[in-house]
Every structure is written in structure tokens, then in C-alpha cells.
Amino acid sequence: MRLNSTNLKQFEGGRIVKQGDSASLFGFAMYDENWVPIDLDGQEATIHFVSKKGKASFNAIVQGSKVSFKIPKVLPVESYLVEVDCAGYVFPSDQSVRVDVVQSAEEYTSEEVLSLVRN
């Protein structure tokens, strides 16, 4: 049996978000291989949303073993792998944590979305 060295569990928000939603709050808790919370209080974490279309990164401050954030930019419609990088750790060790961005009523052009992802 193989165990992940690090684990990430969502405690706030959903798995699906509309494109351009910058108000919904997402929260993830960071754990070690035995699902014991890793206390990284006060550390800056970088949250990466990675997909076939690119990568978006943004920062948040960890409270205890949890990080909460809002998606600050418009992302292309896609399923994103979520990774949290903090204090030398990368959570999770596998590719199990995802957030899906789905089309909203607002029309975003390909150029607008690509320029936002690059920033």
C-alpha cells in the first residue's frame, strides 16, 4: 500500500465554480501522510490551479493548517488540479484535488482569458 506524503482536503466551497466568480470562498486543510494537520500558521502559501490550458497561481496566508482564498482572476473553462505550495511542502502528493470552472452567462473572449491567466 502506498501512502501520500502530503494530503489536502477541501473544507470550504464546492468543486464547481462559474467562470469569473471572484466572491466564492475556497478552503483547504493540509495534512501529512497520516492525515495529521500540519501547522503552518502565518506562512504564505501559493495556490496553483493547473490544467491543460495553463496554470494560474495566487497567494494566501495559512491559519493553523488551513488556507482560504478566492479565485482572483477569470480562468478558462476547464477542470483544474489544485496544489498548495507552502514552506517547502506541496499538497497533495497525488492528483486527487480538483476544482471545475464552468461557463458563466458572461462571455469572455479567448484573448481576455489568456491574458488573465498569464498574469
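The values are calculated or read from the model by the stated rules, or taken from the named source; none is laboratory data. Quick caveat: nothing in here was measured; it's all calculated off a predicted structure. Note that each Cβ is placed from the backbone with ideal geometry, even for glycine, and that neighbours are counted across all protein chains shown. Accessible surface areas use protein heavy atoms only, side chains included; no ligands, DNA or RNA. Shrake-Rupley method; radii C 1.70, N 1.55, O 1.52, S 1.80 Å.
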Where Lys and Arg each count +1 and Asp and Glu each count -1, what net charge lies around residue 64 among other residues with Cβ under 11 Å from its Cβ?
-1
Convex hull projection area averaged over all views, the chain, Cα basis, nm²
7.4 nm²
Using a 1.4 Å probe on the protein heavy atoms, what percent of the accessible area of the range 2-88 belongs to carbon and sulfur?
46 percent
With a 1.4 Å probe and all protein chains kept in place, how do 16, 38 rank by accessible area, largest first?
16, 38
Dipole magnitude (debye, nearest 20) for the chain, charges at Cβ of Lys, Arg, Asp, Glu
200 debye
